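Written below as structure tokens is the structure these notes are about.
Readers should treat all values here as calculations from the given coordinates under stated rules, not as data from a laboratory. A quick note: this is a predicted structure, and the numbers were derived from the prediction, not measured. We place every Cβ from the backbone using ideal geometry, glycine too, and count neighbours over all the protein chains shown.
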Amino acid sequence: MADEQIKAALAPCGLSCEKCFAHVDGDIRRASLELKEKLGNFEAYARRFETMLGDSIFKNYPDFKEMLDYFASENCKGCRSEECKLFKDCGVRKCHQEKQLDFCYQCDEFPCSRTHFDESLYHVWVTLNEKIRKTGIEQYYEKTKIRPRYV
């Protein structure tokens, strides 16, 4: 059985919940909150910089701020604590709960069609679980801590 810290960080499918933009304690949310704080009332300055510098990139600031606000506001506690907020039709959590396995690669039926993932995510899911099986969960987890989630 996998260490509790690893299980808290990784979803049963093998994706890193901690690295997800929606995770309440994730790197992306923390960095977004910090950037919002550092930017303060930058919106007023963005309009000035567009004029002063003649750089039209600053007119995109409201869109950037909207995305930053979105990243800062997410509050998912991870797939082991609640239903996934991103993949509403994910079948992994329900299967994981039924079979009482920590990760998909531990299942005799892996890979299966119960995930409901699109083709691209399905391929990632299979690849991740094969890596976990080959290297072990501890080594896989250590690599997820230094690798971006969205590669």
For Leu10, distant residues with modelled amide H under 5 Å away = Cys17
Say each of Glu83 and Ser120 gets a label point 7 Å from the Cα, pointing the same way as Cα to Cβ; how far apart are those two points in nm?
-> 2.4 nm
Length gained when the stretch Glu98-Phe42 is fully extended (0.36 nm per residue, less Cα-Cα span) = 15.2 nm
Given the options Ser56, Ser73, Ser32, state which has the largest fluctuation in a GNM of the chain using a 10 Å cut-off (strictly under) for Cα springs.
-> Ser56
Over the chain: helical MRE at 222 nm, DSSP H runs n ≥ 4 each giving -39500 (n - 2.57), nearest 500 | -16000 deg cm²/dmol
For the cross-link pairs Lys7/Lys77; Lys7/Lys65; Lys77/Lys143, which exceed 24 Å when the distance is taken from alpha carbon to alpha carbon?
-> Lys7/Lys65
Please go through the residue pairs Lys19/Lys88; Lys88/Lys134; Lys38/Lys145 and name each one whose alpha carbons sit more than 21 Å apart in this structure.
-> Lys88/Lys134; Lys38/Lys145
Whole-Å distance, taken between Cα centres, linking the range 97-111 and the range 10-32 | 22 Å
Relative contact order of the chain, defined on C-alpha pairs under 8 angstrom at six or more residues apart (%) = 30 percent
Using packing as a proxy for protection, rank 34-43, 133-142 so that the peptide with the highest average count of other Cβ atoms within 10 Å comes first.
-> 133-142, 34-43
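Rounding to the nearest 20 debye, state how big the charge dipole of the chain is about its Cα centre with +1 on each Lys and Arg Cβ and -1 on each Asp and Glu Cβ.
Values: 25 positive and 26 negative charges, 32 e Å.
About 160 debye.
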